[in-house]
Amino acid sequence: MRASLTEFQLAWQCHQRGDLAKAKALYGRVGMAHPDYPRALHYLGLIAHQTGDSAQGVRLISRALALTPKDAEMRSNLGNALARCGRLQEARDELEKATALAPGFAGAHNNLGLVQRKLGDPEAAAGSFERAVQLAPGQPLLYSNWGTALAEAGQLTAAREKLEQAIKLNPGHADAWSNLGLVHSRLRAWDEAVRCLNKALELAPEAAGVWVNLSNVERAFGRMSEARKAAAKAIELAPGLPDAHQALASAGRFEEAEREITGLEAVLKRGDLTPKDRINCSYALGKLLDGAGQFDRAFAAYAAANAEQAQPVEIADSVTRFDRLIARFDRDLLDRLADVGNPSERPIFVVGMPRSGTTLVEQIIASHGAASGAGELPHFEGYLKAFEAAKGGSRAALLGDFAQDYLARLDRRGERALRTVDKAPFNFLCLGLIRLVFPKARIVHCRRDPRDTCLSIFFTNFAEHRSFTTRLADIGAYYACYKRLMEQWRQLFPEGFFEIAHETLVRDQEGETRRLLGYLGLPWDERCLSFHETLRPVDTPSDWQVREPIHTRSLGRWRHYERHLAPLLEALPS
């Protein structure tokens, strides 16, 4: 008995030193009758997990737990092994049991947060990491994880604070520098973002994930060559990293991409991908195949990405919502509140269905010396909800509040040009409210062939998921609702906005640009014709497209895929 006990202790010491082969041999010699047998079995499973055989780790740790079911450390390690095997729901269950058995076990809360992030629940993950930090406040890794989850939940200021705290505790924490760089990029502090990412690479030049992050930031800022080089470096370091392949595919057009296609297809065959990784890789594969002219294979990849995240959609709900907007913003309401709004001419609202050319139009305007582009601002959809919930006379007061809040937000972003573009496409829902809040604001409505528009929606991996975008029939039905609402706005505001057709802009760039600038009250500026040379951050799916001169490649794109589009074509309005 004493010899066996000595063997276990020696095994543990070897394990701690990293001598896993010797530890494994010694753990294996601890007999079934020995009191430490479940712990030895557990650590054999942990070694299997640490050396790449997580499936064996799950089997061994599960056997140990059958003997000692209330051991929180075993459940936490089982959760990690299950997560590595892609069994995320089971992993979360085991980690929740571990935290219930040992509420003061910081490691279990941290591991639970990691799994919650993979399951796409950053708010819950942030809560788990916060609890881990409360239990172990001096660990920079926990602050870094917490900050990353907060960033994914959209709490960017809080995320920055936690990541800065991680770096304060450990200035050599490469992951914290990398994630802080991403947060700065989302806060549009681009120089600071690049500085943080370069610092991360100084500390960890072989970290593929940091190269991915650098690629994404370079792409958003328009440095496509640098973005492709960084993504290629990430793939060189980690050929199986899904994010690296997605970053490369997002950084431009690839007519010759067989190597990249083969690499992505190999990644997609793995059984340990998270749903998010599988979706992202499928979209990336579709983009590469489309660029290579392999249209049937491209459609299959895009269809797989959409099927992975498809949700039941009641299109009747959309019809009801649009009916409510049409009924609420009638001539009587608009006349009663016509003189309440703010007289500012500063905002320009570029609206339309997603993928209708809104990013291109914003880039053209933002290339003007007297204008700037603020990207897709989320504020007016929130204002619309508040306005609809208000009663009677309180609505007039809200209009002033909305205007003051919106202009103050532009100021805080540093947007001080004569004209500032807000290109949130779904602001087409809010045109009635926008016209009341800013009666003198310019509104630009982008139109594109509905077949090209809807196909492009189906092919796009949106950062903000909208449920109607994953099935062709639903996209077509939603487009019909959009078309009906725009007809209502035209009747209410016959001269209230400028309409620009993507096809016309492509074929007569200068003529349409002159018309557009005239409507916006801006003098002619040659830079608007060379918009692709304007270095400014663009963080939409069209970021790489606006770095090229205008071309006609996208016109009639739907014809390459016509054989697959029956559900869409049947749903589109005539």
For segment 193-296, what is the Kirkwood estimate of the hydrodynamic radius, computed as the reciprocal of the mean inverse distance between distinct Cα atoms, to one decimal in Å? 13.7 Å
Quick check on segment 104-154: what does the Kirkwood estimate of hydrodynamic radius come out to from the alpha carbon pairs, in Å? 10.1 Å
For the table Lys233/Lys423; Lys168/Lys233; Lys24/Lys233; Lys162/Lys229; Lys287/Lys423; Lys233/Lys287, the rows whose alpha-carbon distance is greater than 27 Å are Lys233/Lys423; Lys168/Lys233; Lys24/Lys233; Lys162/Lys229
With the charge dipole of segment 433-502 built from beta-carbon charges (+1 for Lys and Arg, -1 for Asp and Glu) about the Cα centre, the Cα from Phe468, Leu485, Ala441 projecting farthest to the positive end belongs to Ala441
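Accessible area of the chain with a 1.4 Å probe: how many percent of it is carbon plus sulfur?
Values: 12560 of 25020 Å².
That fraction is 50 percent.
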Report the convex hull volume per residue for the chain, counting only C-alpha atoms, in Å³. 168 Å³
For Ser144, Ser344, Ser62, write out the residues from largest to smallest accessible area, computed with a 1.4 angstrom probe and no ligands counted. Ser62, Ser344, Ser144
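Take the eigenvalues of the Cα gyration tensor for segment 148-211, scale each by 5, and report the square roots as semi-axes in whole Å, largest first.
Details: eigenvalues 61, 33, 20 Å².
Semi-axis lengths for segment 148-211 are 17, 13, 10 Å.
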Dividing the alpha-carbon Rg of segment 116-275 by 2.2 N^0.38 Å yields what? 1.06
Listed by chain and number, the residues whose amide H is under 5 Å from that of Val444, excluding neighbours fewer than 5 places away on the same chain and using placed H, are Phe349, Val350, Val351, Phe498
At 1.4 Å probe size, what's the solvent-accessible area of Lys24? Round to the nearest 10 Å². 120 Å²
Per-residue accessible area for Asp332 at 1.4 Å probe radius, Å² rounded to 10? 90 Å²
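For segment 96-184, what is Rg from Cα atoms divided by 2.2 N^0.38 Å, rounded to two decimals? Walk me through the numbers on the way to the answer.
Numbers: Rg = 12.1 Å, N = 89, 2.2 N^0.38 = 12.1 Å.
In units of the globular-protein estimate, segment 96-184 measures up at 1.00.
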If we restrict to alpha carbons, what Rg and Dmax does segment 341-389 come to, in Å? 13.0, 40
Rolling a 1.4 angstrom probe over the protein chains, ignoring ligands and nucleic acids, what is the accessible area of Ser250 in square angstrom, nearest 10? 30 Å²
Taking the inverse of the average 1/r across all pairs of different Cα atoms in segment 276-433, what Kirkwood radius in Å do you get? 18.6 Å
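Given a 1.4 angstrom probe, what's the average accessible area per residue across segment 316-448, in square angstrom? Walk me through the numbers before you get to the answer.
Working: 4880 Å² over 133 residues.
With all protein chains present, segment 316-448 gives 37 Å² per residue.
The values are calculated or read from the model by the stated rules, or taken from the named source; none is laboratory data. These figures come from a predicted structure and were not determined experimentally. With ideal geometry, Cβ positions are generated from the backbone for all residues, glycine too; neighbour counts draw on all protein chains shown. Surface areas here come from the heavy atoms of the whole protein model, side chains and all, with no ligands, DNA or RNA. Shrake-Rupley method; radii C 1.70, N 1.55, O 1.52, S 1.80 Å.
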